[in-house]
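Notes follow the structure.
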Amino acid sequence: MIKKLDLTNFDICEKIIRIQQLSYQIEANIIEYQDIPRLKDTRESIQLADEIFFGFFNENQLVGIISFKIIDLMIDIHRLAVHPDYFKHQVATQLIGYVENLYPMIHSIEVNTGKYNIPAVNLYLKLGYHKVKDYLVDGNLWMTLFKKNRREIMKYQEINADTINRWIEEGWAWGVPISHDEYVNALNGVWQMLLTPTKPVPKTWYPNLKGIKVLGLASGGGQQMPIFAALGAECTVLDYSSKQIESERLVAKREGYQIDTIQADMTLPLPFLDESFDLIFHPVSNCYIEDVNHVWNECYRILKKGGRLLAGLDNGFNFLFDDDEKEIKNKLPFNPLKNPALMETLKKNDDGVQFSHSIDEQIGGQLKAGFRLLDIYEDTNGFGLLHEHGVPTFYATLAIKD
């Protein structure tokens, strides 16, 4: 677990000093320079450092620290120290990754290390930092400045948009628009829609759709919104994938109906006034964002009183297993922003950046936002070993804003 450190806490300061002494002494021995300033820190100098400190905890034990300043939209890392017992546990990698993702507004990150501290130099190069310069300090200490630009620290939301665009080009099932015949069938009252992989949403979940305002939230692709339009709803769709938005426009043009299409990131405030919609249709998609509570709060804000939220949700089981669904491989919660090893696996498999979410976050989050839960059902993957054994991996909820 990584969390911000309280420097007013005497015990925390002492633990920071202890980790620094153990870690920087090893660096001092490597670079043959014993006057590293961090070896001389006191509780007072830590508290007066004017730096932001985060710590990596193994259970309740502090085993690594990072500190930095933010200067003109640039993060300047001042300290990175790990207890020697945890050198091989990727603690430093996780601390750096956490800070990189914590401040999306920054333009770059800089860090300095001893030129001949080969383990540290290799770590920064591995993490995508590039060498800016070598410089001499104190007459006999060579240092190296490393830098990483924002374009090299792409926001995970942008990674997901690019990934989904690529999947669509490869024929991803959730990116294939409905056909003209399916649209005509909907006009004639023959239709169904999915929030999860296989089970159609019960017709009782929908109000009379004629003339109501519907938002398809992360629901691009030309699959659900054309059905709503055929049934008489006034439709808006918001999606971060340009390909999904393009499909919505193509189907609307083909069938001759009006739809408002917005390419936007749902992790940011939604670009709608309060009480704008009667219904929000939100298929499984919040597994691609870290904070779902923000989404529930925004949904509550933009729904009218009496408005309905229909949401498809991942229960997290899929994140536990290997690709063959035969072996439990990971722990929950699954968060690659806090575990670079998971990020590397996702990148290797071209899976985008995905997150598990608990019932506390999904249903509890809706309730805390103010919704009242009306109904729920479970669903499976539709294929694979878990599906064959009837293991539910998704669920859908119907909630109302009273």
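The values are calculated or read from the model by the stated rules, or taken from the named source; none is laboratory data. Quantities reported herein were computed from a predicted structural model and do not represent experimental measurements. When we count neighbours, we look across all protein chains shown, and the Cβ atoms used for this are built from the backbone with ideal geometry, even at glycine. Surface accessibility is based on the protein's heavy atoms, side chains included, excluding ligands, DNA and RNA. Shrake-Rupley method; radii C 1.70, N 1.55, O 1.52, S 1.80 Å.
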Handout entry: Zero-based 10 Å bins, Cα pair distances in the range 169-208, whole percents
Key = 23, 48, 26, 3
Handout entry: Residue-by-residue Karplus 3J(HN,Hα) for the range 81-86, coefficients 6.51, -1.76, 1.60, Hz, glycine and proline x
Key = 9, 10, 4, x, 5, 10
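What translational diffusion coefficient, to the nearest whole µm²/s, does the range 89-197 have by Stokes-Einstein, given a Kirkwood radius computed over alpha-carbon pairs, a temperature of 4 °C and 1.567 mPa s viscosity? The partial results should precede the final answer.
On the way: Rh = 18.3 Å.
Once the numbers are plugged in, D ends up at 71 µm²/s.
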Handout entry: Cα-centred dipole magnitude for the chain, charges only on beta-carbon of K, R (+1) and D, E (-1), debye, nearest 20
Key = 420
Exercise for the section: Taking just the C-alpha trace of the range 243-394, give me its Rg and Dmax in Å. Expected result: 17.4, 49
Exercise for the section: Grab the Cα-Cα distance for His107 and Gln25, subtract it from 0.36 nm times how many residues apart they are, and report the gain in nm with one decimal. Expected result: 26.3 nm
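All other residues with a Cβ under 12 Å from the Cβ of Ala28 taken together, and with Lys, Arg as +1 and Asp, Glu as -1, what is their net charge?
Working: positive: Arg38, Lys40; negative: Glu27, Glu32, Asp35.
Combined, the nearby Lys, Arg, Asp and Glu give -1.
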Exercise for the section: Would you check the accessible area of Tyr183, probe 1.4 Å, heavy atoms only, in square angstrom rounded to 10? Expected result: 20
Problem - Length added when fully stretched, Asp360-Asp85, from 0.36 nm per residue minus Cα-Cα - result: 95.6 nm
Problem - Between the range 377-402 and the range 240-309, the Cα center-to-center distance that results, in Å - result: 22
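For the range 228-384, what is the number of Lys pairs with C-alpha distance below 17 angstrom, counting only pairs 8 or more positions apart or on separate chains? Before the final figure, lay out the partial values.
Numbers: Lys243/Lys253; Lys305/Lys368; Lys329/Lys338; Lys329/Lys347; Lys329/Lys348; Lys338/Lys347.
Value for the range 228-384: 6.
With a/c under 1.5 counting as rounded, go ahead and sort the range 17-59 into rounded, prolate or oblate using the C-alpha gyration tensor (a ≥ b ≥ c being the square roots of the eigenvalues; past the cut-off, prolate if a/b is larger than b/c, else oblate). Walk me through the numbers before you get to the answer.
Details: a/c = 2.48, a/b = 1.33, b/c = 1.87.
Verdict is oblate for the range 17-59.
Can you tell me the relative contact order of the chain? Whole percent, Cα pairs under 8 Å, sequence separation 6 or more. Intermediate values should be presented prior to the final figure.
Working: 747 pairs, mean separation 45.3, N = 402.
Reported as a whole number, the value is 11 percent.
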Practice task
Label the range 30-131 by shape, choosing from rounded, prolate and oblate, from the square roots a ≥ b ≥ c of the eigenvalues of the Cα gyration tensor; if a/c is under 1.5 it is rounded, and otherwise prolate applies when a/b is larger than b/c, oblate when it is not.
Solution key: rounded
Completion exercise
The Cα radius of gyration of the range 155-269, divided by 2.2 N^0.38 Å with N its residue count, comes to 1.04
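May I ask you to work out the translational diffusion coefficient for the range 270-324 at 37 °C, viscosity 0.692 mPa s, via Stokes-Einstein with Rh from the Kirkwood sum over Cα pairs, reported in whole µm²/s? Numbers along the way, then the final one.
On the way: Rh = 12.7 Å.
Diffusion coefficient, whole number: 259 µm²/s.
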Problem - Heavy-atom surface of the chain, accessible at 1.4 Å and reported per residue (Å²) - result: 49
Fill in the blank from the handout: With T = 4 °C, eta = 1.567 mPa s and Kirkwood Rh from C-alpha pairs, the Stokes-Einstein D of the chain in µm²/s is about 54
Completion exercise
Largest fluctuation, Leu80, Leu48, Leu123 only, Gaussian network model of the chain with Cα springs under 10 angstrom, belongs to Leu48
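Under 11 Å from the Cβ of Asp350, count the other residues' Cβ atoms, weight Lys and Arg +1, Asp and Glu -1, and hand me the total. Don't skip to the end; give the middle numbers.
Details: positive: Arg166, Lys347, Lys348; negative: Asp162, Glu170, Asp351.
After counting each charged neighbour, the total is 0.
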Practice task
Could you state the angle between the C-alpha long axis of helix 156-169 and the longest principal axis of the C-alpha atoms of the chain, as a value from 0 to 90 degrees rounded to the nearest 10?
Solution key: 50
Completion exercise
Which of Asn335, Asn149, Asn60 fluctuates most in a GNM of the chain (C-alpha springs under 10 Å)? That residue is Asn60
Completion exercise
Phi-derived 3J(HN,Hα) across the range 326-342 with the Karplus relation (6.51, -1.76, 1.60, θ = phi - 60°), rounded Hz, x for Gly and Pro, is 10, 9, 6, 10, 10, 9, 9, x, 9, 9, x, 6, 10, 9, x, 5, 5
Fill in the blank from the handout: The extension gain from Leu48 to Glu32, computed as 0.36 nm times the residue separation minus the Cα-Cα distance, is 3.0 nm
Exercise for the section: Starting from the Cα of Lys3, draw a straight line to each of the aspartates and glutamates and keep only those under 19 Å, dropping any in the same chain fewer than 8 residues away. Expected result: Asp11, Glu14, Asp50, Glu51, Glu59, Asp76, Glu100, Glu290, Asp291
Practice task
Using a 1.4 Å probe over the heavy atoms of the protein chains, calculate the carbon and sulfur portion of the accessible area of the range 208-270 as a whole percent.
Solution key: 48
